[in-house]
Amino acid sequence: MVRYVCRHCGRRMGHFDGDWRDPMLGLTNLRQEEQEELVTLDDRGTTATVKILCDHCLPVPWDDNLWYN
Ligand SMILES: [Zn+2]
């Protein structure tokens, strides 16, 4: 499972009921340091928290499709 949380205000943005390594999400395509900065895994490594920016904190409109589809 993947949870999306705003890295600035902590607002919960949504979740994805699948593996965080799902190629659709593109998280495994990030460089190592980007992945470590954006993705936090729980102890079991099954739930990933992804820190992104919400509409309020983002200076430009966020493309939801990038993360949810
Ligand atoms: Zn925010």
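Within segment 1-37, can you find the residues that are charged (D, E, K, R) and touching a Cys at 6+ places or on another chain (Cβ under 6 Å)? Once the filter is applied, which keeps residues that are charged (D, E, K, R) and touching a Cys at 6+ places or on another chain (Cβ under 6 Å), segment 1-37 yields only Arg11.
Scan segment 38-69 for residues that are part of a helix (DSSP H, G or I) and modelled with pLDDT of 90 or more and the total you get is 1. The set of residues in segment 1-37 that are assigned to a strand (DSSP E or B) and of a type outside the set (Ser, Thr, Tyr) comprises Val2, Arg3, Val5, Cys6, Arg12, Met13, Gly14, His15, Phe16. Of all residue pairs spaced 6 or more apart or on separate chains, those with beta-carbon atoms under 8 Å, a first member in segment 11-37 that is in contact (Cβ under 8 Å) with a residue 40 or more places away in the chain and a second member that is within 16 Å of the ligand (Cβ to nearest atom) and hydroxyl-bearing (Ser, Thr, Tyr) are Met13/Tyr4; Gly14/Tyr4; Phe16/Tyr4.
Looking only at residues in segment 1-50 that are among the aliphatic types (A, V, I, L, M) and within 16 Å of the ligand (Cβ to nearest atom), which one is surrounded by the fewest Cβ atoms within 10 Å (Cβ to Cβ)? That would be Leu38.
The values are calculated or read from the model by the stated rules, or taken from the named source; none is laboratory data. None of the values given here were measured: they were computed from a predicted structure. Counting neighbours? That spans all protein chains shown, and the Cβs are built from the backbone with ideal geometry, glycine included.
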